[in-house]
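These notes are about the structure you will find just below.
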């Protein structure tokens, strides 16, 4: 009985560590926030990447409530560490009122990668486009 209990405890402990490691391996790593103003409204954007070859672009509206549908958007892109484009989304816009918009792509890029997208905010007569800062480079050779 004691050996069975020990095996269960060791199994649970090992599973917890391995499960945590697997989760941590796919945690999104983000670049810095960039603040900007469009049509007197404050925004900020950033890009992220993870080791599962996912990239994300995030746009947050900081004041004046929610943006109407079709007033916020952007494009997500993933690059290899040398700067060559590996994958990109199409441009997308928010389809519901929101203060936080994001677009994620799943790729098979592999290797050392980073994300750098751009965001779009309606300024009353056109679009204000701003590239995100580059995310950290992650991955393996």
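The values are calculated or read from the model by the stated rules, or taken from the named source; none is laboratory data. Predicted model only: the values in this text are computed from it and were never measured. Heads up, the Cβs are rebuilt from the backbone with ideal geometry, glycines too, and the neighbour counts pull from every protein chain shown.
Miscellaneous remarks
To keep it simple, each residue is scored yes or no on (1) in a loop (DSSP other than H, G, I, E, B); (2) at pLDDT below 95; (3) under 24 Å from residue 141 (Cβ atoms).
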| residue | (1), (2), (3) |
| --- | --- |
| 3 | no, yes, no |
| 7 | no, yes, no |
| 42 | no, no, no |
| 64 | yes, no, no |
| 69 | yes, no, no |
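- Subset tally (residues that are assigned to a loop (DSSP other than H, G, I, E, B) and within 16 Å of residue 130 (Cβ to Cβ)) for segment 53-62: 1
- The listed residues are 73, 48, and the only one of them that is modelled with pLDDT of 95 or more, farther than 10 Å from residue 115 by Cα and part of a strand (DSSP E or B) turns out to be 73.
- Taken as a whole, the condition of being assigned to a loop (DSSP other than H, G, I, E, B) and touching a residue at least 24 places away in the same chain (Cβ under 8 Å) applies to residue 108.
- Check on residue 124, closer than 26 Å to residue 38 by Cα and part of a loop (DSSP other than H, G, I, E, B): yes
- Condition broken by residue 108, with the remaining ones in (1) modelled with pLDDT of 95 or more; (2) at negative phi satisfied: (1)
- Flag if residue 54 is farther than 13 Å from residue 122 by Cβ and without any contact (Cβ under 8 Å) to a residue 40 or more places away in the chain: no
- Counted residues, segment 90-105 - those being crowded, with 18+ Cβ neighbours inside 10 Å and outside any strand (DSSP E or B): 1
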